[in-house]
Amino acid sequence: MNKIAIFASGTGTNAENIISYFSGSKIAKVALILSNKKESLVIKKAEKLSVESFIFSPTELRETTKVDQLLEDNEIDILVLAGFLLLMPPRLVEKYRGRIINIHPSLLPKFGGKGMYGDAVHKAVIEVGEKESGITIHHVNEKFDSGAIIFQAKCLVDKNDTAHTLALKVRELEMEHFPRIIERELGG
Ligand code: GRF
């Protein structure tokens, strides 16, 4: 059984979807939710779904081995970033190279990098008149949104789309594909 740790800072829609996808699976289970935001919805969702959660500060992540220890103690096989806004420290990237996956709500390399998250991404896509957008699931390296791409799925951007309506289309792709691609990465 593979053990997944999800890193998330926000509402945790993806985290919740991944937890329920793997509940009852023989391939993997979500063993831990890790966040730098104590008040985030993802923590409430973890509680509701009885998944252990852990909060750390950005400094603890960067400068201590608290998180590393927790991952080791729980025998975590794969780190999944789902709306996690901090940069993974090089130490952890090195240790879990090829086993850290992120989802980004655009077709990378377009519209990625620091500060590109949430509606900022969708606004930028609409502003430059892109005809399509989508999701990118990729390996994590030492820089934001620049690791090797594992999978992309596209949706059309209509003339009438707003950041909000585009976000809904992208969300649908995330729900459909992210758990499945994690499972595939785990050899399932
Ligand atoms: C998602 O759009 C994901 O692509 C991005 O952050 C968002 C997280 O949303 N990396 P949620 O917390 O899963 O609702």
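Readers should treat all values here as calculations from the given coordinates under stated rules, not as data from a laboratory. Nothing here was measured: the structure is a model prediction, and the numbers come from that model. Cβ sites come from the backbone with ideal geometry, for glycine too, and all protein chains shown count toward neighbours.
Would you be able to tell me the number of residues in the range 151-182 that are polar (S, T, N, Q) and buried (at least 18 other Cβ atoms within 10 Å of the Cβ)? Before you say what the answer is, go through the steps one by one.
We begin by selecting, within the range 151-182, every residue polar (S, T, N, Q); these are 152, 160, 162, 165.
Subsequent filtering for residues that are buried (at least 18 other Cβ atoms within 10 Å of the Cβ) retains none.
Selection size over the range 151-182: 0.
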| task | Would you check if there is a residue in the range 93-104 being crowded, with 17+ Cβ neighbours inside 10 Å and touching a Lys or Arg at 6+ places or on another chain (Cβ under 7 Å)? | result | no
| query | Regarding LEU79, is this residue of a type outside the set (D, E, K, R) and farther than 25 Å from ASN2 by Cβ? | reply | no
| query | Given GLU94, GLU63, GLU127, GLU142, which one is more than 16 Å from the ligand (Cβ to nearest atom), in contact with a Pro (Cβ under 8 Å, 6 or more places away or on another chain) and without any contact (Cβ under 8 Å) to a residue 60 or more places away in the chain? | reply | GLU142
| If LYS110 passes every condition in (1) within 19 Å of SER9 (Cβ to Cβ); (2) in contact (Cβ under 8 Å) with a residue 12 or more places away in the chain; (3) surrounded by fewer than 19 Cβ atoms within 10 Å (Cβ to Cβ) but one, which one does it miss? | (1)
| Can you name the residue in the range 51-79 that is part of a helix (DSSP H, G or I) and hydrophobic (A, V, I, L, M, F, W, C) and is also surrounded by the fewest Cβ atoms within 10 Å (Cβ to Cβ) among such residues? | LEU70
| message | Suppose the filter is assigned to a loop (DSSP other than H, G, I, E, B) and touching a Lys or Arg at 6+ places or on another chain (Cβ under 8 Å); does SER9 pass it? | response | yes
| note | Counted residues in the range 80-91 being within 10 Å of the ligand (Cβ to nearest atom) and surrounded by fewer than 19 Cβ atoms within 10 Å (Cβ to Cβ) come to 1
| message | Kindly evaluate ILE55 against the criterion of being within 16 Å of the ligand (Cβ to nearest atom), closer than 21 Å to LYS154 by Cα and not polar (S, T, N, Q). | response | no
